[in-house]
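Novice: Before anything else, here's the structure in question.
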């Protein structure tokens, strides 16, 4: 099949398209189920985006309104609160999780006893496998203002607080505990990717640094940190692209008294559609969802560009 | 017998002092290692204490609570209440069959899709890959998805939460990365021996990917067992709730099952939380390496 041209380059002549497609007919058959699933669950909803330009009260038929939904959206204070909550919650959570994960990985890496290291890793990965419902249940039991709440009882005994605080029903405290619970749930699992980088560092470099007289801290700063830097940036970029997806972790920790102050875009859409009775407007909430998808797409493209610059390949 | 002293000499035979990193005897008991060990004991305690508190409360039949390491009045009545009550057993069963069926279907779709995507010479391969990847960067959103599911008759249908999460592009890409590591020569020689594409899939691709199948299968299983969002969105019939939905309901209201024996309301709540995490708690120590491998299949290509 390969013919050589006069200037030395080799061109590979492929068989005609029809023949190649015939050769692969079995593979096309295998791909049909995947295509059906993707078409039904991912592409079919994209056609529903047109409802963003309709008003569709549940009891009536959809009615074309043009851009009215978007005008309404930017006037609603609940919308802007939800949008900024999405951004702030995600970014702070991302920075906290990554920071703690790097710190824990560095310390794990310095651990002398391999057995202790293994046990620690097993334990800190554990919360990742607990669903958000379970996590929320565990912490609402822990933070309960009644006699069963461990945190309140502990703080009362220590004399830090005078009377029980209902932490998850207070706007300020809710945010604090949201971040703490997220760190508890995700940090351990995030260390895996950093530990993989750390074990990949050539021990020869550490040896060379030792010979040159570098101590533990110097080695950490001049050998370990530069090696981790790339991974940290990768993790930040990958997660930044997904910040608009925030839903379940917020949804399960919310309660009626803090809902309005802690909504993110996805929970706002949920409550507007499924919890507001006959006044629900599929058109309006689709518009909010479209706004969210577009911001997410923009972030993806920016992060993809950043990823190509930093590590030479995109994220998708 | 005197200990042998190592002498460091240059090739010319001149004696030099030992290099600094071999100079001092390394002690394991440095202050740093003590502090480091202490930090990790603390970190592990922070992770364990909330789970431990729930565990002992689920085994405690007293009504007085507070801080304690072990149950004051030990009893399994909380668990008896969970496992004898019809309103809790049904959601548990829904969780079990959703997880089993969903994991199987998810693995089937991921491996078949991934196997097609590694056929470099196949016309349309790039198009197929792009069709899949586009769904990772853009989506119709919650409401259009809901309307499609309702149109398909998958709301309030036990099939809904099984079918929807089965197509997971991220897992499919992980599987493809793994398949790419299989030497192409294996497929070529099988092809020369007259093996069909399906035959190569079953006899070469799958048997060589047992570790990846275990990792990705576990990722699916965890996702299905822990699924709450899809049930919340698409299921309103209480008879079709899975265990996560039931647990959430119980935590929010006092919609508690009748207690058996001496189990108090709080004991039953705690027992339900433990029941929800029990399967993975039991399997986790044995399967940890597969869980960790899963995240590293994606990282190999970094």
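Here, each number is a calculation from the coordinates, and none is a lab measurement. This one's a predicted model, so the numbers in the text were calculated from it and none came from an experiment. When we count neighbours, we look across all protein chains shown, and the Cβ atoms used for this are built from the backbone with ideal geometry, even at glycine.
Novice: Rounded to the nearest 500, what is the 222 nm mean residue ellipticity of the protein assembly as shown from helices alone, with -39500 (n - 2.57) per DSSP H run of 4+ residues and division by all residues?
Specialist: Values: 30 runs with 397 residues, N = 618.
One gets -20500 deg cm²/dmol as the mean residue ellipticity at 222 nm.
Novice: Hey, with R₀ at 30 Å, roughly what FRET efficiency would residue B:108 and residue A:74 work out to, going by the Cβ-Cβ distance, to 0.05? Provide the component values of the computation, followed by the final result.
Specialist: Values: r = 45 Å, r/R0 = 1.50.
According to the calculation, E is roughly 0.10.
Novice: Taking only Cα atoms and a 10 Å spring cutoff, compute GNM fluctuations for chain A and point out the largest among A:16, A:33, A:45.
Specialist: Highest fluctuation of the listed residues: A:16.
Novice: With a ≥ b ≥ c taken as the square roots of the eigenvalues of the C-alpha gyration tensor of the stretch A:137-206, please select rounded if a/c is under 1.5 and otherwise prolate if a/b is larger than b/c or oblate if it is not? Walk me through the intermediate numbers first.
Specialist: Working: a/c = 3.68, a/b = 2.88, b/c = 1.28.
Prolate is the answer for the stretch A:137-206, as a/c is 1.5 or above and a/b outweighs b/c.
Novice: Between residue B:134 and residue A:257, what is the spin-label point distance in nm, taking each point 7 Å from the Cα along the Cα→C-beta axis?
Specialist: 4.9
Novice: In addition: Can you give the FRET efficiency for residue A:207 and residue A:309, using 1/(1 + (r/R0)^6), R0 = 45 Å, r = Cβ-Cβ distance, to the nearest 0.05?
Specialist: Details: r = 33 Å, r/R0 = 0.73.
Working from the Cβ atoms, E equals 0.85.
Novice: Of A:229, A:213, A:48, which has the largest mean-square fluctuation in a 10 Å C-alpha GNM of chain A?
Specialist: With Cα springs under 10 Å in chain A, the top fluctuation among A:229, A:213, A:48 is at A:213.
Novice: Can I ask one more? Starting from 0.36 nm per residue, how many nanometres of slack lie between residue A:276 and residue A:302 once their C-alpha separation is accounted for?
Specialist: Values: separation 26, 0.36 × 26 = 9.36 nm, distance 3.57 nm.
Taking residue A:276 through residue A:302 to full extension adds about 5.8 nm, to one decimal.
Novice: Length gain on complete extension for the stretch residue A:57 to residue A:14, per 0.36 nm per residue less the alpha carbon to alpha carbon distance?
Specialist: Between residue A:57 and residue A:14, full extension yields 9.9 nm more.
Novice: Among B:10, B:103, B:126, which comes first, then next, by fewest other beta-carbon atoms within 10 Å? Working shown, then result.
Specialist: Working: B:10 8, B:103 22, B:126 11.
Ranking B:10, B:103, B:126 by Cβ neighbours within 10 Å, fewest first, gives B:10, B:126, B:103.
Novice: So, in nm, how far is label residue A:221 from label residue B:39 when the simple model puts each one 7 Å beyond its Cα toward the Cβ?
Specialist: Rounded to a tenth, the inter-label distance reads 1.6 nm.
Novice: Which length gain, in nm to one decimal place, applies between residue B:152 and residue B:186 when the Cα-Cα distance is subtracted from 0.36 nm times their residue separation?
Specialist: On the way: separation 34, 0.36 × 34 = 12.24 nm, distance 4.22 nm.
So the extension gain works out to 8.0 nm.
Novice: How many angstrom lie between the Cα centre of the stretch A:269-305 and the Cα centre of the stretch B:160-176?
Specialist: When both Cα centres are located, 23 Å separates them.
Novice: Shifting gears a bit: Fewest to most neighbouring Cβ within 10 Å: what's the order for B:98, B:84?
Specialist: Values: B:98 24, B:84 12.
The most exposed by this proxy come first: B:84, B:98.
Novice: With r as the distance between the Cβ atoms of residue A:117 and residue B:16 and R0 = 30 Å, compute the FRET efficiency 1/(1 + (r/R0)^6) and round to 0.05. Let's see the in-between values first.
Specialist: Values: r = 36 Å, r/R0 = 1.20.
FRET efficiency, residue B:16 to residue A:117: 0.25.
Novice: Starting from the Cα gyration tensor of the stretch A:75-311, take the square roots of the eigenvalues, sort them a ≥ b ≥ c, and report rounded, prolate or oblate (rounded when a/c is under 1.5, otherwise prolate if a/b is larger than b/c, else oblate). Kindly include the intermediate steps, with their values, before the conclusion.
Specialist: Working: a/c = 2.88, a/b = 1.42, b/c = 2.02.
The shape class here is oblate.
Novice: With springs connecting C-alpha atoms under 10 Å apart, model chain B as a Gaussian network and identify which of B:122, B:200, B:281 has the largest mean-square fluctuation.
Specialist: Highest fluctuation of the listed residues: B:122.
Novice: With each label point set 7 Å from Cα along the Cα-Cβ vector, what nm distance links residue A:147 and residue B:208?
Specialist: That separation, rounded to one decimal, is 6.5 nm.
Novice: Right, another one. Classify the stretch A:192-258 as rounded, prolate or oblate, taking a ≥ b ≥ c as the square roots of the eigenvalues of its Cα gyration tensor: rounded when a/c is under 1.5, otherwise prolate if a/b is larger than b/c and oblate if not.
Specialist: It comes out prolate by the Cα gyration axes.
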